[in-house]
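Nothing in this text is a laboratory measurement; each read-out follows from the coordinates by a stated rule. Keep in mind that what you see is a predicted model, and the values were worked out from it rather than measured. No Cβ is skipped: glycine too gets one built from the backbone with ideal geometry, and neighbour counts run over all protein chains shown.
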Amino acid sequence: MLRYLLRRMFVMGASLLAASVLIFSVVELVPGDPASFMLGTGAQPETLAALRTQLGLDQPLPLRYAAWAGAILQGDFGTSFTYKTPVAGMILDRLQVSLPLAVLALLLAVAIALPVGLFAAGRHRRAGDALAMGAAHLGVALPNFWLAMLLVLVFAVNLQWLPAGGFLGWSDPVPALRSLILPAVALALPQAAILARVLRSALIETMGQDYVRTARAKGLSASQALRRHALRNALIPVLTILGMQFSFLLAGAIIIENVFYLPGLGRMIFQAITQRDLIVVQSAVLVLVAAVMAVTFLVDLAYAAVDPRLRRA
Amino acid sequence: MIRVADLSVVLDGRRVLDRVSLDLVPGQVTGLVGESGSGKSMTALAVMGLLPQRARASGQVALDGRNLLALPERELCRIRGARIGMIFQEPMTALNPLMTIGDQVAEVLRLHQGLNRRAALGQARERLDRVGLPAPRFPLSLYPHELSGGQRQRVAIALAIALRPDLLIADEPTTALDVTTQARILDLLKDLVRDEGMALLLITHDLAVVAGMADRVAVMQNGRIAEEGPTGSLFRGPRHPYTRQLLDASRPAPARPASDFPTPLVQVEGAVRDYRTADGGLRALDGISMTIGRGESVGLVGESGCGKSTLARAILGLEPLQAGRITLDGQVVDAGRLMPRGLRARMQVVFQDPFGSFDPRWRVDRLLAEPFHLTGRPPDWRKRVAEALAEVGLQPTDARKFIHQFSGGQRQRLAIARALIIRPALIVLDEAVSALDVRVRAQVLDLLARLQRDHGLSYLFISHDLSVVRGITDRVLVMQAGRVVEEGPTQQILDAPRNDHSRSLVAAIPAIPIDWS
């Protein structure tokens, strides 16, 4: 078990290092000079050169990478070219929206997918299964921004139960949570649909396994065998999908953030790219990569928790 | 006693069981034999009340005066596992990989007796001890993957008999195990029947297993019981022609001329093959030397994991050796470098599962012509395909069919045709007839013997079934832990083995008593 963990952690560290090099090079290779963007088209060459020196842009590439990476290791993510504020603080602010949103959406997705998947698998090839999977098809196919607008129309405009958008910070937690509900639902429904389908097919496959037949021969009813023996075995593929979904929800919520005017991480990165705020882009992407890896690590831990064959390997 | 009377089952409009009647008496073993598709397993599932949902059953399965076929599912759940237990063929997959063996046995006790986990585990311990998995070596906390196939089958038995059922149904319980393990599991089942006074319904395709185990035997064919009676008299005087066919086929004796094989074709000298594993290493071949003569048929026997398949793969040039060398007609077979195609073309292989070794999307002509990539496809390749089909007893029109359109025996014929098409000198047969029913197996063995005569082929024949080895090989090598422990003429090794290991191997083979035939 310990060896398994150590190996995973080593892989994670190495991947993070490789990712940082890649992110840095890609951002550097993309055309567009932050200094000339900041000063506009009519800038004097001397002013431009001075600003480039001030930003450190005249240094050779490896040196700049080393400086950037070294600073990050000490918690210094640099200063935004555009806003002149520390990037770390900006990312932290945005994470306060994006992280709860992603977690909320994921919990919702699981809460919907679990019963639907179990229901459909239990009624394999019968009407209930067809109905549930038809709904799941629809859920996968619907664009989530359209779903978001629909939710706003119904629950914010017509019924006026929840706010239509905006986010005023966590100082008052109840309105903050209320403003995250609709976006979380819009994000969760398509993910729940995917998850339910994966869970259903994994369950159906495990239901055909010999050990489920053994369970039935022991005297378990079909639904007991499904819950006690098939479900846990079917969780392994589901965990993989879950990990990928969380990563997507963390940064991929940009469209939903736009529909609901949420100050999330996705919108910040998008703005930083249009403004050539390289330091913000680099750091935010690196934070995202680290988050994705942390999730992957957690998924690996979950695998080991579920499957004894990995624990003792 | 559980009495099955006039049990019929209709599945998708087809009558798969037709008026089956059996008395399953406490303390008695009833053998149910027959070929695949004869309805053996369907009978077992009907008794368990676990038929597929589409199936319609009629007749009676009577327990305590109640007809199980008429009981609602909730009642049946109370009977399954408590009054009737069942074990299956595949011990490797029959247990939940995510649950400890203790919990899996305890689950039956908790389910039916409402015991708490602690009390149930206590009884599970006692039941595991009973099936030969004693306490210090086999703690309850073990997971199935930490056990061998035979040990897993013992766990499956422990949970099936945990509540001392009236009836234990064993559906091919030892088919997936090697002979020595099979013998031990059969002994255990026999003891349990005697000690616990339960009835055992032993389902198997292997007549020899039944001969040594059963008090009564029922022979099934096409969903019907063709013949039923006390084991000894049924074997001595089979009345039904089908029973006679099965008995004849279970002692395959293809016509093979006895002769000497002075010219060696394959020579293996001091072959060593090491595998790197998590805990150190494994020496799969430990300095093996052997030869296969031109036109000779050599049998390779031993328990699973003894290195039989590794040796076969090494001879085929698929396993690099750490020491020693292998030659075919004096040419060195070396998997490390790119082996010359001409050399590869001189040996072919037929595996156990013919379906898995064919691409399901290719037609037969393309499948059979595949080895031509070693020799270059001759212009008359279609004619060669037709000839190969004819040679294995199939029609030229079969060339345009797909593999799923053939039965298991026909698929194995196709695999042999594919091996033959480039006229190899050696064919390696790795458990090539193990998955076939006895009558089909006898036909395929006859075919192999004829092809050997006609083409002067050499065979390397790997099998755990020693009755087959006896029928088709001239010489036998007994392997143990990567070494050859005994070697000699087939007759001599199987009748009078000298080495301890070969002796226990031969002793473990179930056999129909000589005076019964």
Averaging 1/r across every pair of distinct alpha carbons in region B:284-508 and inverting yields a Kirkwood hydrodynamic radius, in angstrom, of 18.2
Note: probe point = Cα of B:PHE402 + 7 Å toward Cβ; backbone nitrogen < 20 Å; residues of region B:344-388 passing the test are B:354-370
Mean-square fluctuation maximum in Gaussian network of chain A, Cα pairs under 10 Å, restricted to A:LEU195, A:LEU298, A:LEU250, hits A:LEU298
Rounded to the nearest 0.05, FRET efficiency between B:TYR275 and B:HIS455 (Cβ-Cβ, R0 30 Å) equals 0.30
Per-residue Cβ contact counts at 10 Å, fewest first, order B:HIS240, A:HIS229, B:HIS464 as B:HIS240, B:HIS464, A:HIS229
Quick calc, region B:65-193, dipole around Cα centre from Cβ unit charges on Lys, Arg (+) and Asp, Glu (-), nearest 20 debye, gives 500
Region B:265-351, convex hull of Cα, quarter of hull surface, nm² -> 6.3
If one builds a Gaussian network model of chain A from Cα atoms under 10 Å apart, the most fluctuating residue listed among A:ALA69, A:ALA217, A:ALA284 is A:ALA217
For B:SER458, other-chain or 5+-apart residues with amide H closer than 5 Å (H placed, Pro excluded) are B:GLY295, B:LEU426, B:ILE427
Any lysines whose Cα falls less than 21 Å from that of B:LYS401, other than same-chain ones fewer than 8 residues away, would be B:LYS383
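For chain A, what is the mean residue ellipticity at 222 nm derived from helices alone (per DSSP H run of n ≥ 4: -39500 (n - 2.57); sum divided by total residues; nearest 500 deg cm²/dmol)?
Rounded to the nearest 500, the figure is -25000 deg cm²/dmol.
When the gyration tensor of region B:2-249 is built from Cα positions, what are the square roots of 5 times its three eigenvalues, in whole Å, from largest to smallest?
30, 22, 15
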Taking Cα atoms, the helix B:179-196 axis meets the longest principal axis of chain B at an angle in degrees (rounded to 10) of 10
Once phi for every residue in region B:231-245 is put through the Karplus expression 6.51 cos²θ - 1.76 cosθ + 1.60 (θ = phi - 60°), the whole-Hz ³J(HN,Hα) values, with Gly and Pro written as x, are 3, x, 6, 5, 6, 6, x, x, 8, 7, x, 5, 4, 4, 4
Computed on Cα atoms only, the convex hull of region B:169-326 has an orientation-averaged projected area in nm² of 14.4
Scoring region A:91-311 by relative contact order with C-alpha pairs under 8 Å, at least six apart, yields a percentage of 27
So for chain A, using the alpha carbon gyration tensor with a ≥ b ≥ c as root eigenvalues (a/c under 1.5 gives rounded; past that, a/b versus b/c decides prolate or oblate), I'd call it oblate
Toy charge model, Lys and Arg Cβ at +1, Asp and Glu Cβ at -1: region B:2-249 dipole around Cα centroid in debye, rounded to 20, equals 460
Chymotrypsin sites (Phe, Trp or Tyr not before Pro) in region A:158-198 lying in a DSSP loop, each with at most 11 other Cβ atoms within 10 Å of its Cβ, come to A:TRP161
Chymotrypsin sites (Phe, Trp or Tyr not before Pro) in region A:260-313 lying in a DSSP loop, each with at most 16 other Cβ atoms within 10 Å of its Cβ, come to A:TYR261
Ranked by GNM mean-square fluctuation in chain A (Cα springs under 10 Å), the top entry among A:THR240, A:THR296, A:THR53 is A:THR53
Residues whose built amide H sits under 5 Å from the amide H of B:GLN480, excluding neighbours closer than 5 in sequence, are B:VAL485
FRET efficiency (A:GLN160, A:LEU138; Cβ distance; R0 25 Å; to 0.05) is 0.40
Rounded to one decimal in nm, the spacing of the 7 Å Cα→Cβ label points at A:ASP58 and B:ARG194 is 9.8
Given Cβ charges of +1 for Lys and Arg and -1 for Asp and Glu, the option among B:MET339, A:PHE270, B:PRO396 whose Cα lies farthest towards the positive end of the dipole of the protein assembly as shown is B:PRO396
Among B:TRP362, B:SER463, B:VAL440, the residue whose Cα sits farthest towards the positive end of the charge dipole of region B:362-505, when +1 is placed on the Cβ of each Lys and Arg and -1 on the Cβ of each Asp and Glu, is B:TRP362
Ranking B:ALA55, A:ALA302, A:ALA105 by how far each Cα lies towards the positive end of the charge dipole of the protein assembly as shown (+1 on Lys and Arg Cβ, -1 on Asp and Glu Cβ), the top one is B:ALA55
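So, R0 is 41 Å and r is the distance between the beta-carbons of B:ALA62 and B:ALA511; what FRET efficiency does that work out to, to 0.05? Please list the in-between numbers first.
Values: r = 36 Å, r/R0 = 0.87.
Efficiency at R0 = 41 Å is approximately 0.70.
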Shape descriptors of the protein assembly as shown over alpha-carbon atoms, Rg and Dmax in angstrom, are 34.3, 112
Using alpha-carbon positions, the gyration tensor of region B:17-93 gives root eigenvalues a ≥ b ≥ c; with a/c under 1.5 called rounded, otherwise prolate if a/b exceeds b/c, else oblate, the class is rounded
Simple SL model, points at 7 angstrom along Cα→Cβ for A:ILE236 and B:SER434; separation in nm is 2.4
Filtering trypsin sites (Lys or Arg not before Pro) in region A:1-89 by DSSP loop and by at most 14 other Cβ atoms within 10 Å leaves A:LYS84
Tilt, helix B:408-420 to longest principal axis of chain B (alpha-carbon atoms), in degrees rounded to tens, equals 10
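Would you please classify the overall shape of region A:28-120 from the alpha carbon gyration tensor, given that a ≥ b ≥ c denote the square roots of the eigenvalues, rounded means a/c under 1.5, and beyond that prolate means a/b larger than b/c while oblate covers the rest? Could you put the intermediate results ahead of the total?
Details: a/c = 3.17, a/b = 2.67, b/c = 1.19.
Prolate shape, in that a/c is at least 1.5 and a/b is the bigger ratio.
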At the level of C-alpha centres, the distance separating region A:49-111 and region A:148-206, in angstrom, is 28
Nearest 10, in degrees from 0 to 90: the angle of helix B:438-455 to the longest Cα principal axis of chain B is 10
Note to self: C-alpha centroids of region A:1-45 and region B:344-404 sit apart, in Å, by 55
Applied in sequence order to region A:85-99, the curve 6.51 cos²θ - 1.76 cosθ + 1.60 (Karplus, θ = phi - 60°) yields integer Hz couplings, x standing for Gly and Pro, of 10, x, 5, 4, x, 4, 5, 4, 4, 5, 4, 4, 8, 5, 5
With +1 at each Lys and Arg Cβ and -1 at each Asp and Glu Cβ, the charge dipole magnitude of the protein assembly as shown around its Cα centre, to the nearest 20 debye, comes out at 1100
So B:GLU126 and B:ARG54, fully extended at 0.36 nm per residue minus their Cα-Cα distance, gain in nm 22.0 nm
